[in-house]
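Here the structure is laid out as C-alpha cells; the discussion comes afterwards.
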Amino acid sequence: MKALIFGGPGQRSWESTADPGISEPTDVIVKVDATTICGTDLHILKGDVPAVTEGRVLGHEAVGTVVETGAAVSSLKKGDRVLVPAITSCGRCAPCKKGMAAHCEAVGGIGWIFGHLIDGVQSEYARVPYAETSVHAVPEGVADDQVLFLADILPTGYEIGVQNGRVQPGDTIAVVGAGPVGLAAMMTAAIAGAGRIIAVDMAQSRLKHATNFGATHTVVGGEDAERQILEITGGAGVDVAMEAVGIPGTFDLCTRIVRAGGTVANIGVHGAPTTLHLEDLWIKNITITTGLVSGTTIPTLLKLARDGKMEAEKLGTHHFALNEIEEAYDVFAAAGEHDALKVVLRG
Ligand SMILES: NC(=O)c1ccc[n+]([C@@H]2O[C@H](COP(=O)([O-])OP(=O)(O)OC[C@H]3O[C@@H](n4cnc5c(N)ncnc54)[C@H](O)[C@@H]3O)[C@@H](O)[C@H]2O)c1
Ligand SMILES: [Zn+2]
Ligand SMILES: [Zn+2]
C-alpha cells in the first residue's frame, strides 16, 4: 500500500510500504475512505514530538471500511463503515473505565497512539488496535465528510472547551483562537446553548469563518481585545473563556476576561511556561481546566451529525484525493494563504 511516511524533521513522502496485518486478536484492518491532517502533524514534521520516529505513518483521524477482523472481534465485520478516532481505548483499564481514554494504560498511558507511537491512518489501509472499544459505526446515510472531524477536533472542542468549561444555556463565552479547534468549540457551545459567543483571532479571515460556526461577536486579538470583550459583557467578563491557540498571551487574556466565578478552559497545546497571576485571580473564585480529548462525546456528536443538527463538514474547506496528500500538506501548512480550515482526503 501507499502511506504518508515521516522521514525525520521536515521530511515526509507518499510512498509504498508493507500492508498492515492483524497483530493482536482485538485488531481490525480498515481501508481508509477519508482522512485529514491535524496541526499536530505539522508539529511532528517540525520535530517537536520526538516520540515519533523515522518511518512512522502519520495521521490520527479517519473514516474507513473494515476489511479484516482479529479473532477476538465479534461486533465488527467486514464491510462495516467506522469512524476511527484519534484516541484509542482498551475499554478495560482504570482511566478508560472512568471515561478518560486519553490516558489509556494499555496503550502506554496516552490514548493518542496513531501516527505517534504506532502507524497512523494517512494511508490506504490501517491497523486499528482495540477496535471494538475504540471505533464507532457511522450511521447509515451519513457521508464521510459529515463525521470525519468527529475523530479529533469536534470532541476536543466539546469535551475540553464546552464540557470542561461547564457551558450553560444562555452563557456568554469567549473562544480565543478561531482555528479549526476554536471553531469546533464554538459550534458545540452553540449546540450546548451558549447565548453570546465571542470569537477572538488575529486573522480577519478566521473571524469571518467564526460567524459561520456560531460566533455572535468577533474581536481582533491583541492589545485592545480585553477592553472590547469587557465592553460586550458590560464590564463583568465572560462566563467561560476558552483558550484555543496555545501561547502564554492568549491564556493570560482568558484569565483577564473571565468573570468572577467563571471558568477558563484551556484547549491549546502549550510549549512554553505561562505566568499565572494568582495575585489577581485568588479572589475571583474561578476554575481553570486543562485536558487532552478522550472521545467520550463522539456517540453524542454522531447523533447530532446524523440528525442534521451539526454541520461538521463545513470545517472541510479543501478536498483532495488521498494520493494528493503531499499537496494537501502544503495547503494546510499555509492555511492562511489558502483560507483553509481542514483538508479532506478521499481514499
Ligand atoms: N487539548 C487537546 O486535546 C487538543 C487537541 C487538538 C488540538 N489542540 C490544540 O488546540 C490549539 C488550536 O488548534 P488549531 O488546529 O485550531 O490551530 P490553528 O493554528 O489552526 O489555530 C489557531 C488560531 O489562533 C489564532 N491566533 C494566533 N495568535 C493569536 C493571538 N495572539 N490572539 C488570538 N488569536 C491568535 C490564529 O490566527 C489561528 O486562527 C492548538 O494549540 C492545538 O495544538 C488541543
Ligand atoms: Zn489531531
Ligand atoms: Zn484503557
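Evaluate the following for Asp119: is it charged (D, E, K, R) and more than 13 Å from His60 (Cα to Cα)? Walk me through how you get there before you give the answer.
On the way: charged (D, E, K, R): yes; more than 13 Å from His60 (Cα to Cα): no.
Taking the combined requirement at face value, the residue does not satisfy it.
What pairs come up if the first residue lies in the stretch 18-40 and is without any contact (Cβ under 8 Å) to a residue 40 or more places away in the chain, the second is aromatic (Phe, Trp, Tyr) and in a loop (DSSP other than H, G, I, E, B), and their beta carbons are under 8 Å apart, counting only those six or more places apart or on different chains?
Hits for this filter: zero, empty list.
For residues that are open to solvent by less than 40 Å² (accessible area, probe 1.4 Å) and over 19 Å from the mean Cα position of the chain (by Cα), tally how many sit in the stretch 302-320.
Going residue by residue through the stretch 302-320, those that are open to solvent by less than 40 Å² (accessible area, probe 1.4 Å) are 302, 304-305, 310, 312, 315-316, 320.
Next cut, over 19 Å from the mean Cα position of the chain (by Cα) only: 320.
The qualifying residues number 1.
Taking Thr290, is it open to solvent by 60 Å² or more (accessible area, probe 1.4 Å), among the hydroxyl-bearing types (Ser, Thr, Tyr) and either at pLDDT 95 or above or within 16 Å of Arg166 (Cα to Cα) (or both)?
Working: open to solvent by 60 Å² or more (accessible area, probe 1.4 Å): yes; among the hydroxyl-bearing types (Ser, Thr, Tyr): yes; either at pLDDT 95 or above or within 16 Å of Arg166 (Cα to Cα) (or both): yes.
Yes, satisfied.
Restricting attention to the stretch 86-109, and to residues there that are β-branched (Val, Ile, Thr) and without any contact (Cβ under 8 Å) to a residue 60 or more places away in the chain, which single residue is nearest to Val73 (Cα to Cα)?
In the first step, residues of the stretch 86-109 are kept if they are β-branched (Val, Ile, Thr); the result is 87-88, 107.
This time we only want the ones that are without any contact (Cβ under 8 Å) to a residue 60 or more places away in the chain, so: 88, 107.
Details: Thr88: 15, Val107: 18 Å.
Restricting to residues being β-branched (Val, Ile, Thr) and without any contact (Cβ under 8 Å) to a residue 60 or more places away in the chain, the top hit is Thr88.
Condition test on Gly91, is it at positive phi, within 16 Å of ligand 3 (Cβ to nearest atom) and either at pLDDT 95 or above or open to solvent by 70 Å² or more (accessible area, probe 1.4 Å) (or both)? So that I can check it myself, show each step before the final result.
Numbers: at positive phi: yes; within 16 Å of ligand 3 (Cβ to nearest atom): yes; either at pLDDT 95 or above or open to solvent by 70 Å² or more (accessible area, probe 1.4 Å) (or both): yes.
When the stated conditions are applied, Gly91 passes them.
If I filter the stretch 177-199 down to residues being open to solvent by less than 40 Å² (accessible area, probe 1.4 Å) and touching a His at 6+ places or on another chain (Cβ under 9 Å), which single residue comes out as nearest to ligand 1 (Cβ to nearest atom)?
So the residue we want is Ala178.
Of the residues that sit in the stretch 26-78 and are among the charged types (D, E, K, R) and touching a Pro at 6+ places or on another chain (Cβ under 8 Å), which one is modelled with the lowest pLDDT? Walk me through it before giving the result.
Keep residues of the stretch 26-78 that are among the charged types (D, E, K, R), which gives 27, 31, 33, 41, 46, 48, 54, 56, 61, 68, 77-78.
After this cut, where a residue has to be touching a Pro at 6+ places or on another chain (Cβ under 8 Å) as well, the list is 27, 46, 61.
Working: Asp27: 98, Lys46: 94, Glu61: 98.
If we take residues in the stretch 26-78 being among the charged types (D, E, K, R) and touching a Pro at 6+ places or on another chain (Cβ under 8 Å), then Lys46 is modelled with the lowest pLDDT.
What do you reckon, is Pro9 within 18 Å of Tyr125 (Cβ to Cβ), open to solvent by 30 Å² or more (accessible area, probe 1.4 Å) and away from ligand 3 (no atom under 16 Å from the Cβ)? I'd like the intermediate steps shown before the answer.
Numbers: within 18 Å of Tyr125 (Cβ to Cβ): no; open to solvent by 30 Å² or more (accessible area, probe 1.4 Å): yes; away from ligand 3 (no atom under 16 Å from the Cβ): yes.
No, not satisfied.
State the number of residues belonging to the stretch 31-53 that are open to solvent by less than 20 Å² (accessible area, probe 1.4 Å), in contact with an Asp or Glu (Cβ under 9 Å, 6 or more places away or on another chain), within 15 Å of ligand 1 (Cβ to nearest atom) and not in a loop (DSSP other than H, G, I, E, B).
Qualifying residue count, the stretch 31-53: 0.
Could you tell me how many of the residues in the stretch 54-75 are more than 22 Å from the chain's Cα centre (by Cα) and either loosely packed, with under 13 Cβ neighbours inside 10 Å or under 16 Å from Val121 (Cβ atoms) (or both)?
The first filter runs over the stretch 54-75 and keeps only residues more than 22 Å from the chain's Cα centre (by Cα), leaving 54-55, 66-75.
Of the ones still in play, those that are also either loosely packed, with under 13 Cβ neighbours inside 10 Å or under 16 Å from Val121 (Cβ atoms) (or both) are 54-55, 66-68, 71-72, 74-75.
Qualifying residue count for the region: 9.
Out of the residues in the stretch 222-248 that are touching a strand residue (DSSP E or B) at 6+ places or on another chain (Cβ under 8 Å), of a type in the set (Gly, Ala, Ser) and more than 18 Å from Gly157 (Cβ to Cβ), which is nearest to ligand 2 (Cβ to nearest atom)? Working first, answer last.
At the first step, the residues of the stretch 222-248 found to be touching a strand residue (DSSP E or B) at 6+ places or on another chain (Cβ under 8 Å) are 225, 228-229, 232-233, 236-245.
Of the ones still in play, those that are also of a type in the set (Gly, Ala, Ser) are 225, 236-237, 241, 244.
Imposing the further condition that a residue be more than 18 Å from Gly157 (Cβ to Cβ) reduces the set to 225, 236-237.
Details: Ala225: 26, Ala236: 34, Gly237: 30 Å.
Looking at residues that are touching a strand residue (DSSP E or B) at 6+ places or on another chain (Cβ under 8 Å), of a type in the set (Gly, Ala, Ser) and more than 18 Å from Gly157 (Cβ to Cβ), I get Ala225.
Being part of a strand (DSSP E or B) and among the aromatic types (Phe, Trp, Tyr) narrows it down to one of Phe320, Phe251, so name that one. It would help to see each step written out before you state the result.
Values: Phe251 fails: part of a strand (DSSP E or B).
Checking each option against the conditions leaves just Phe320.
Collect the residues in the stretch 126-163 that are within 16 Å of ligand 3 (Cβ to nearest atom) and either surrounded by 22 or more Cβ atoms within 10 Å (Cβ to Cβ) or in a loop (DSSP other than H, G, I, E, B) (or both), keeping them in residue-number order. Explain how you work it out, then say what you get.
So the first thing to find is which residues in the stretch 126-163 are within 16 Å of ligand 3 (Cβ to nearest atom), and the list is 128-135.
Within the stretch 126-163, Val128, Pro129, Tyr130, Ala131, Ser134, Val135 qualify.
Residues Val258, Val238, Val219, Val181: which one is within 20 Å of the chain's Cα centre (by Cα) and of a type in the set (A, V, I, L, M)? Outline the logic, then answer.
Numbers: Val258 fails: within 20 Å of the chain's Cα centre (by Cα); Val238 fails: within 20 Å of the chain's Cα centre (by Cα); Val219 fails: within 20 Å of the chain's Cα centre (by Cα).
Criteria check complete, one pass: Val181.
In the stretch 86-100, which residues are within 16 Å of ligand 2 (Cβ to nearest atom) and among the aliphatic types (A, V, I, L, M)?
Ala86, Ile87
Search the stretch 23-54 for residues being more than 14 Å from ligand 2 (Cβ to nearest atom) and in contact with a strand residue (DSSP E or B) (Cβ under 6 Å, 6 or more places away or on another chain), and hand back the single one that is nearest to Val107 (Cα to Cα). Full working, then the answer.
Residues of the stretch 23-54 that are more than 14 Å from ligand 2 (Cβ to nearest atom), as a first pass: 23-34, 46-47, 50-51, 53-54.
Narrowing further to those that are in contact with a strand residue (DSSP E or B) (Cβ under 6 Å, 6 or more places away or on another chain): 27-34.
On the way: Asp27: 13, Val28: 16, Ile29: 18, Val30: 19, Lys31: 22, Val32: 22, Asp33: 25, Ala34: 24 Å.
Residue satisfying both the conditions and the ranking: Asp27.
So how many residues does the stretch 77-88 have that are in a loop (DSSP other than H, G, I, E, B) and open to solvent by 10 Å² or more (accessible area, probe 1.4 Å)?
The first filter runs over the stretch 77-88 and keeps only residues in a loop (DSSP other than H, G, I, E, B), leaving 77-80, 85-86, 88.
From what is left, the residues that are open to solvent by 10 Å² or more (accessible area, probe 1.4 Å) are 77-80.
So the count comes out to 4.
The values are calculated or read from the model by the stated rules, or taken from the named source; none is laboratory data. Note that the coordinates shown come from a computational prediction; the quantities given were computed from them, not determined experimentally. Here Cβ is always computed from backbone atoms with ideal geometry, including for glycine, and neighbour counts include all displayed protein chains. Accessible surface is based on the protein model in full, side chains and every heavy atom, while ligands, DNA and RNA are left aside. Shrake-Rupley method; radii C 1.70, N 1.55, O 1.52, S 1.80 Å.
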